[in-house]
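Enquirer: Sharing a structure with you now.
The values are calculated or read from the model by the stated rules, or taken from the named source; none is laboratory data. Since we're looking at a predicted model, the values are computed, not measured. A quick note on method: Cβ atoms are made from the backbone with ideal geometry, for glycine too, and the neighbour counts reach across all protein chains shown.
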Amino acid sequence: MSAERVAFSDVAAQVPVTGSPVPPPDLNRNAELVRSSFVAMAPRLDKVLARFYAVLFSWSPQLREYFPISMESQRDRLARVLNHVVGALDRPDDLVPFLAQLGRDHRKFSVLDEHYPIFGKALLTALAAESGDVWTMEVATAWAQTYQFMAETMAAAARAETTPACWAGEIIEHQRLDRDVAAVRVRTDPPLPYRPGQYVSVETPHRPRVWRYYTPTTAPRADGTIELLVKAVGYGGVSRAIVSSGRAGDTWRLGPALGRLPDQISPDRGLVMIGGGTGIAPIQAILHGMETAGTPPRGAIVYYGARSWEGLHALDNLRSMSYRNRWLDVVPVVQEPPPVSGPEIGQLAETVVRHRTWADRDVLVSGSPAMLRATVGALLTAGLPLERIHYDPFVDD
Ligand SMILES: Cc1cc2nc3c(=O)[nH]c(=O)nc-3n(C[C@H](O)[C@H](O)[C@H](O)COP(=O)(O)OP(=O)(O)OC[C@H]3O[C@@H](n4cnc5c(N)ncnc54)[C@H](O)[C@@H]3O)c2cc1C
Ligand code: HEM
């Protein structure tokens with residue numbers, strides 16, 4: 001193959017209409033080419049994605065209406081997904097379920113098979129335009145085949161899915177816990193299926209076409225009700241609108257459950273569960289699932305952290321669960337000195353490894369990306385093997 005820089009037209013011709021997923025002929029070689037070119041263009045990724053959407057919407061103005069008014073968050077999400085995909089190209093066991101999930105989830109945006117080729121052409125055009133000399137014929141071909149595989153995997157998974165693309169949900173209870181946090185109970189009919197620990201995406205009437213993830217705090221209930229703990233961050237986003245303006249009677253749309261946090265881990269070992277802020281939600285759901293199914297672990301200890309004592313909104317619930325179940329202990333952790341004695345003081349990451357290494361336990365971690373990085377890092381440094389540490393690989397938001 002020539003190493004000359006190639007024009008868009010050479011590349012775009014290689015993004016075909018979707019069919020059945022066919023792995024690129026030389027997965028490892030493509031992975032190498034795609035990865036090294038992606039690393040080289042990483043400093044300009046913002047520009048690539050801005051150009052990508054500009055090209056896409058100029059070619060197909062009607063597609064603009066599928067997206068929310070502000071594209072900032074969408075650009076970040078696409079960047080993170082590309083990053084994840086590029087990193088996983090030679091790990092099909094990770095890549096294929098990830099893309100399949102993304103494809104199934106795209107049904108709620110009304111995305112059809114025929115949208116994929118134009119999306120791919122726009123993406124390759126933007127990559128070509130911003131990559132400079134890195135964009136050789138070899139690199140272009142590798143990207144074209146990779147995109148084809150991504151699109152086909154997503155589209156095939158969407159076609160094969162038989163569950164609804166989304167569910168209508170009505171808020172039946174909205175309780176403001178403090179200025180920034182609300183407990184919300186939503187009912188969908190029929191019930192939205194999920195496993196304890198999974199999350200769902202939500203579109204509210206306050207911010208049409210803007211979807212955000214929230215995590216049920218209980219195992220699924222027969223009456224179709226889902227409880228969520230929502231913390232408002234920033235201004236003008238979905239979370240602030242839910243906390244401040246949400247009320248009983250509001251109608252939401254909810255997407256299919258996502259997420260790969262294990263809801264049952266080896267029954268032979270004890271379990272340490274570490275939840276920061278609203279990251280406690282999947283832990284509550286998993287514990288509730290174990291309690292109701294009568295499948296407790298050998299012992300579970302929950303480290304639940306927040307900045308302040310007042311921020312531990314789920315503590316009462318966790319403590320009641322602990323009173324009912326001898327196998328469960330709860331350790332609150334706060335950063336600011338609390339008005340009561342008892343909680344550990346410090347960052348979650350340092351607190352959990354302060355007295356123990358947990359070498360005999362499985363550990364489940366849930367929280368913000370920063371909290372995850374710090375906590376997983378501290379556990380690894382303390383000597384816990386990576387295979388004992390469980391977290392959702394895609395919680396970054
Ligand atoms: C898998 C998963 C599960 C989640 N579960 C929950 C949950 O159960 N409860 C819950 O409340 N949230 C949860 N979130 C976060 C939620 O999806 C939204 O990201 C959050 O509500 C912010 O959305 P927004 O539209 O209000 O803010 P945006 O408009 O997206 O952001 C507004 C501003 O706030 C900043 N910001 C965004 N997120 C945070 C943050 N976490 N901390 C500080 N600043 C931030 C942004 O950088 C921006 O400046 C989860 C996220 C993921 C990925
Ligand atoms: C390989 C191809 C694609 C990839 C990797 C991709 C990736 C993504 C990602 C990561 C998100 C954010 C999802 C979330 O966080 O909830 C998203 C949302 C979205 N995608 Fe795609 N997508 C692809 C194809 C398409 C196509 C063909 C369309 C058709 C128009 C499309 C339309 C949308 C829309 C409308 C959203 C919602 C935007 C938002 O909520 O801000 N995508 N996509």
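Enquirer: Any idea which residue in the range 118-170 is farthest from Asp46 (Cα to Cα), counting only those that are within 12 Å of ligand 2 (Cβ to nearest atom) and of a type in the set (D, E, K, R)?
Expert: Looking at residues that are within 12 Å of ligand 2 (Cβ to nearest atom) and of a type in the set (D, E, K, R), I get Glu152.
Enquirer: Do we find a residue being under 25 Å from Leu99 (Cα atoms), in contact (Cβ under 8 Å) with a residue 24 or more places away in the chain and within 16 Å of ligand 2 (Cβ to nearest atom) anywhere in the range 266-284?
Expert: No, the conditions are met nowhere in the range 266-284.
Enquirer: Are there any pairs with C-beta distances below 6 angstrom linking a residue in the range 320-347 that is assigned by TED's automatic domain parsing to the domain that holds Ala370 to a residue that is polar (S, T, N, Q) and crowded, with 16+ Cβ neighbours inside 10 Å, with the two at least 6 apart or on different chains, and if so which?
Expert: Leu328/Ser322; Val330/Ser322; Val333/Thr351; Glu344/Thr351
Enquirer: Just wondering, is there one or more residues in the range 328-343 that are at pLDDT 95 or above, assigned to a helix (DSSP H, G or I) and closer than 23 Å to Tyr214 by Cα?
Expert: No, every residue in the range 328-343 fails to be at pLDDT 95 or above, assigned to a helix (DSSP H, G or I) and closer than 23 Å to Tyr214 by Cα.
Enquirer: Hey, Pro369 hits all of (1) away from ligand 2 (no atom under 16 Å from the Cβ); (2) under 27 Å from Ala219 (Cα atoms); (3) free of Cβ contacts under 8 Å to residues at least 40 places away in the same chain but one; which does it fall short on?
Expert: So Pro369 meets the others, but not (1).
Enquirer: If Ser110 passes every condition in (1) on the phi < 0 side of the Ramachandran plot; (2) surrounded by fewer than 14 Cβ atoms within 10 Å (Cβ to Cβ) but one, which one does it miss?
Expert: (1)
Enquirer: Name the residues in the range 182-231 that are closer than 24 Å to Val111 by Cα, of a type in the set (A, V, I, L, M, F, W, C) and within 12 Å of ligand 1 (Cβ to nearest atom), would you?
Expert: Val200, Val202, Val210, Trp211
Enquirer: Determine if the range 80-91 includes at least one residue that is surrounded by fewer than 17 Cβ atoms within 10 Å (Cβ to Cβ), away from ligand 2 (no atom under 11 Å from the Cβ) and touching a residue at least 40 places away in the same chain (Cβ under 8 Å).
Expert: Checked the range 80-91: at least one residue is surrounded by fewer than 17 Cβ atoms within 10 Å (Cβ to Cβ), away from ligand 2 (no atom under 11 Å from the Cβ) and touching a residue at least 40 places away in the same chain (Cβ under 8 Å).
Enquirer: Which one of Trp327, Trp358 is within 17 Å of Ile389 (Cβ to Cβ) and more than 16 Å from ligand 2 (Cβ to nearest atom)?
Expert: Trp358
Enquirer: Residue by residue through the range 126-168, note down the ones that are of a type in the set (D, E, K, R) and either under 26 Å from the mean Cα position of the chain (by Cα) or within 16 Å of ligand 1 (Cβ to nearest atom) (or both).
Expert: Glu152, Arg159, Glu161
Enquirer: Give me a count of the residues in the range 195-247 that are aliphatic (A, V, I, L, M), surrounded by fewer than 16 Cβ atoms within 10 Å (Cβ to Cβ) and more than 30 Å from Ala293 (Cα to Cα).
Expert: Number satisfying all stated conditions: 1.
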